[in-house]
Amino acid sequence: MFRYSDKEIKEILKEAIVVIDTREQRCKHIIEYFEAHKIKYVCEKLDFGDYTLKVQLPHWNRAFYLQDICTIERKANLNELSGNFTQSRERIEKEFLRARGCLHLLIENASYEDILLHNYNTKYLPNSFNATLKVFEARYDLKVTFLKDSTYSGDFIYKTLIYTLRELLRRGEI
């Protein structure tokens, strides 16, 4: 098991680059956050998920992608997620299945209560919606986060990824 010094970890984290999937849409607010906070990012095709990190590790001659360890799937609202659960369920399940590591589902512009109160514009019933979400959490080890204000999505994405990387480096797991 390789152990990094605190100084090496700090340098690796400083050079980390957020990878945004090329198919990701309506993410201008996230890119604006990254640019305002001088967070490095690139757009590249990801096999699953919308966001992950890549880093150059000192003992590797190539970039290391965090995708198999930690990925974030973003949904702009409950309408989008409802459509995924009802109209393209097989596709989203396959995507969750490919995500072998920790998968975070970020649901913007919504709260858990919005599901229960049917505060979304589809016919998907709240009990069914909630049941699907809870089953997927258990089945795919999905970590669900609701953000009522999407202004904070960039912060959530960056900090989730960077602190996951930091912990893995500290424990010598990568």
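The values are calculated or read from the model by the stated rules, or taken from the named source; none is laboratory data. Remember, it's a predicted structure, so these values are computed and weren't measured experimentally. Ideal geometry is used to build each Cβ from the backbone, glycine not excepted, and the neighbour counts take in all protein chains shown.
Odds and ends about this structure:
- Residues located in the range 64-77, provided they are more than 19 Å from LEU53 (Cβ to Cβ) and more than 16 Å from the chain's Cα centre (by Cα): none
- Criterion (under 21 Å from LEU105 (Cα atoms), basic (Lys, Arg), exposed (fewer than 13 other Cβ atoms within 10 Å of the Cβ) and out of contact with any His (no Cβ under 9 Å at 6 or more places or on another chain)) met by exactly one of LYS14, LYS7, LYS45: LYS45
- Contacts under 9 angstrom Cβ, first residue in the range 1-12 being in contact (Cβ under 8 Å) with a residue 12 or more places away in the chain and under 17 Å from TRP60 (Cβ atoms), partner part of a loop (DSSP other than H, G, I, E, B) and aromatic (Phe, Trp, Tyr), 6 or more apart: ILE12/TYR4
- Residue list for the range 48-107, filter: over 19 Å from SER153 (Cβ atoms) and touching a residue at least 60 places away in the same chain (Cβ under 8 Å): VAL55, LEU57, PHE64, ILE69
- Test: ILE39 is touching a Leu at 6+ places or on another chain (Cβ under 9 Å), in contact (Cβ under 8 Å) with a residue 40 or more places away in the chain, crowded, with 18+ Cβ neighbours inside 10 Å and not aromatic (Phe, Trp, Tyr): no
- Screening the range 50-86 for residues that are surrounded by fewer than 19 Cβ atoms within 10 Å (Cβ to Cβ) and small (Gly, Ala, Ser) and picking the one that is modelled with the lowest pLDDT gives ALA63.
- Where ILE30 falls short, out of the listed (1) more than 21 Å from THR151 (Cα to Cα); (2) assigned to a helix (DSSP H, G or I): (1)
- Subset of the range 41-62 (residues that are in a loop (DSSP other than H, G, I, E, B) and among the aliphatic types (A, V, I, L, M)): LEU46, LEU57
- Of the residues making up the range 112-132, just one is surrounded by fewer than 18 Cβ atoms within 10 Å (Cβ to Cβ), among the hydrophobic types (A, V, I, L, M, F, W, C) and in contact (Cβ under 8 Å) with a residue 12 or more places away in the chain, namely LEU116.
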